[in-house]
1. Exactly one of these conditions fails for residue 183: (1) modelled with pLDDT under 70; (2) open to solvent by less than 40 Å² (accessible area, probe 1.4 Å). Give me its number.
2. In the range 101-139, which residues are part of a helix (DSSP H, G or I) and among the β-branched types (Val, Ile, Thr)?
3. How many of the residues making up the range 67-122 are without any contact (Cβ under 8 Å) to a residue 12 or more places away in the chain and polar (S, T, N, Q)?
4. Checking residue 75 against (1) open to solvent by 20 Å² or more (accessible area, probe 1.4 Å); (2) small (Gly, Ala, Ser); (3) within 13 Å of the chain's Cα centre (by Cα): exactly one of these is not met. Which one?
Amino acid sequence: MLKLWKWYQHCLSVHPVKTQIISSGILWGIGDIGAQYITHSTALSRLNNSDVEAEFKVNWKRVSITSLFGFGFVGPVGHFWYEGLDRLIRMRLQLQPKSVRFVATKVAADGIIFGPFDLFVFFTYMGFSTGKSVPQVKEDLKRDFLPALILEGGVWPIVQIANFRYVPVRYQLLYVNMFCLLDSAFLSWIEQQKDAPWKQWFTSFRPLKEREGQGRL
């Protein structure tokens, strides 16, 4: 394990962006396998065995699609986001590193800017990559974006407080990627849940006029 860590450190110092891209893609792929297993197990518990195959089989096409999101977005964008955010707050805002204001500003910026953007890109990409049309992708965003944003909003700020306070900048994306192993499973699971009944609870957040208008259709 120590040799693996040293090898990673060497790769990160020599090829930082490439290393972040590869590690992100691998972890997001593993996370999607976890999401598929959770979805399969949930379906088995809800439906008869005749409706769902008892043996779990990995959908490798979906794994590759999700991995590409890690390779193409999380890795490169995440690398430059954490590096740029640190430089901006230290040099432009001139906040003392690891201070309460420094960490709080980073957490706020990450939650307000990067978090929603990441979710928007994920659900949009997953829709188009599976052959859906623009109207279908819009409907998926209406269905999945708000539940994911609210549920993640209770977890990621805590994760990022520890990240921005104790983890060196060069390892912050790796730290996030370890949690993305669970987060990718969570997001993939939400996307696979389609129109699950529990999502209907979030419709209560829509404006009253919009809900009344739909009720008259």
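1. Only one criterion in (1) modelled with pLDDT under 70; (2) open to solvent by less than 40 Å² (accessible area, probe 1.4 Å) is unmet by residue 183, namely (1).
2. 103, 105, 107, 112, 113, 121, 124, 134, 137 - these are the residues of the range 101-139 that are part of a helix (DSSP H, G or I) and among the β-branched types (Val, Ile, Thr).
3. Within the range 67-122, residues that are without any contact (Cβ under 8 Å) to a residue 12 or more places away in the chain and polar (S, T, N, Q) number 3.
4. (1)
Conditions (1) modelled with pLDDT of 90 or more; (2) touching a Phe, Trp or Tyr at 6+ places or on another chain (Cβ under 7 Å); (3) open to solvent by 80 Å² or more (accessible area, probe 1.4 Å), marked per residue:
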site: 115; (1), (2), (3): yes, yes, no
site: 118; (1), (2), (3): yes, no, no
site: 124; (1), (2), (3): yes, no, no
site: 135; (1), (2), (3): yes, no, yes
site: 141; (1), (2), (3): yes, yes, no
site: 164; (1), (2), (3): yes, no, no
site: 167; (1), (2), (3): yes, yes, no
site: 190; (1), (2), (3): no, no, no
site: 199; (1), (2), (3): no, no, no
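The values are calculated or read from the model by the stated rules, or taken from the named source; none is laboratory data. Note that the structure is a prediction, hence the values are computed from the model and not measured. Using ideal geometry, Cβ is built from the backbone for each residue, glycine included, and neighbour counts are taken over all protein chains shown. Accessible surface areas use protein heavy atoms only, side chains included; no ligands, DNA or RNA. Shrake-Rupley method; radii C 1.70, N 1.55, O 1.52, S 1.80 Å.
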